[in-house]
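The structure under discussion appears below in the form of structure tokens.
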Amino acid sequence: MGGPFPGGPPPASGKVARGIGIGIAAIALSLCSGVVGGVVVHQTDSSSPAPAVTTHQAAPVIDRSSVAGVAASVAPTVVVVSTAEGEGSGVILTEDGAVLTNNHVIENAQGGKVTVTFSSGKSAAATIVGTDTVGDIAVLKAQGVSGLTPATFGDSDALRIGDTVLALGSPLGLEGSVTEGIVSALHRTIDTGQSSEGTRSSITDAIQTDAAINPGNSGGPLVNLAGQVVGINTAIATSSEGSGSIGLGFAIPSNRAKSAADQLLAGGKVAHPYLGVRVSDGEGGAVVADVVAGGPAAQAGLQRGDIVTKINDQVVEDSSDLVAAVRAAKPGDEIRVTFRRDGAERQVTATLTNTP
């Protein structure tokens with residue numbers, strides 16, 4: 001839960017309509033389902049630290065005939081990430097083989113065995129440098145390679161609805177695929193369903209795009225017309241009839257993804273703000289289903305059964321709103337929590353910490 005959202009207004013709560021499923025954009029070997037595990041972001045956790053980027057440059061207006069040139073320039077920075085269980089995509093970070101991908105692409109790799117295939121067709125074994133399950137980010141290190149072309153990262157906070165973007169990766173195993181579309185919405189909070197621990201998981205502050213994203217695109221880049229990575233493709237919405245693209249794809253903003261990757265490359269752990277509650281949807285707010293002993297919420301005086309209605313000045317209509325508000329903040333931030341208890345409105349101040 002946080003103060004002002006970095007770079008602009010607080011994130012809007014963008015819920016996906018009921019009846020539309022959210023699927024992971026990674027491909028299983030059967031070509032019919034996502035990699036087991038999925039995007040695991042529990043509502044008892046919270047988000048990555050606010051990006052350090054402070055100068056925002058809007059994407060340039062480029063003649064449509066140059067789109068092919070953009071795709072060609074970005075292609076060498078995109079890789080295929082394979083495990084025995086499935087396949088996804090990735091983005092080259094350094095010339096000596098560091099690769100950024102989604103955690104759900106590699107989290108079930110047997111024995112940590114991962115293979116990276118480059119645009120040249122050459123492959124290399126890769127080790128897992130570090131993972132961030134909350135932010136669905138992983139960093140790999142391809143072995144015995146050099147002279148690679150790293151991707152250029154842009155400022156995702158400068159994105160505008162309507163900006164043209166390209167999604168690159170290996171949908172359905174079709175390596176080197178490129179799709180085009182626009183940024184359809186920003187700051188989406190997407191419920192991805194039930195996690196393996198029996199709690200709800202979600203993606204917050206997501207970029208929505210109608211550039212076709214399909215199973216296998218997970219971990220691949222969403223780029224602007226300057227050829228800069230502005231998002232990491234991570235999930236898709238599907239209809240009940242199938243698992244293909246229906247023009248609703250979601251990407252992790254590049255500022256968050258790159259910040260997490262840099263922390264992992266430095267040998268650290270990605271910092272996430274933590275309130276210490278488990279929440280569910282309630283009537284006109286988020287119901288506190290459980291409070292972690294000794295956590296920020298417990299120290300502030302929140303109790304099980306409280307209905308949170310506002311974080312600072314941001315209205316909380318359900319559990320997704322509360323999660324989004326927390327993840328827009330950073331460890332150390334003080335937040336005002338407005339809630340109802342026994343029919344009376346109350347307010348407390350909580351200081352967020354790092355996720356344990």
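How would you rank 258, 113, going from fewest to most other Cβ atoms within 10 Å of each one's own Cβ? Could you put the intermediate results ahead of the total?
Numbers: 258 24, 113 14.
Ascending number of Cβ neighbours within 10 Å: 113, 258.
Please order 106, 335 by the number of other Cβ within 10 Å, starting at the fewest. Working shown, then result.
Details: 106 28, 335 22.
By the 10 Å Cβ count, ascending: 335, 106.
Quick check for me: using +1 on Lys/Arg Cβ and -1 on Asp/Glu Cβ, what's the dipole size of the range 218-356 about its Cα centre, in debye to the nearest 20?
On the way: 12 positive and 14 negative charges, 94 e Å.
Taking the Cα centre of the range 218-356 as origin, the dipole is about 440 debye.
Averaging over every viewing direction, what projected area does the convex hull of the Cα atoms of the range 296-337 cover, in nm²? Please report the intermediate quantities before stating the final value.
Values: hull surface 11.8 nm².
Across all orientations, the range 296-337 yields a mean hull projection of 3.0 nm².
Please report, in whole Å³, the volume per residue of the convex hull around the C-alpha atoms of the range 273-354. All intermediate terms of the calculation are to be shown ahead of the outcome.
Numbers: hull volume 5.9 nm³, N = 82.
Hull volume over Cα atoms, normalised by residue count, gives 72 Å³.
So for 256, 278, 160, 188, fewest C-beta neighbours within 10 Å to most, what's the order?
160, 278, 188, 256
Taking the dipole about the Cα centre of the range 245-316, with the C-beta of Lys and Arg at +1 and of Asp and Glu at -1, give me whichever of 284, 315, 246 is farthest to the positive side.
Towards the positive end, the residue furthest out is 246.
Bear in mind that the values in this text are calculations on the coordinates, not laboratory data. Owing to the predicted nature of the structure, the values given are computational and were not obtained by experimental measurement. Neighbour counts are summed over all protein chains in view; Cβ atoms, including those assigned to glycine, are modelled from backbone coordinates with ideal geometry.
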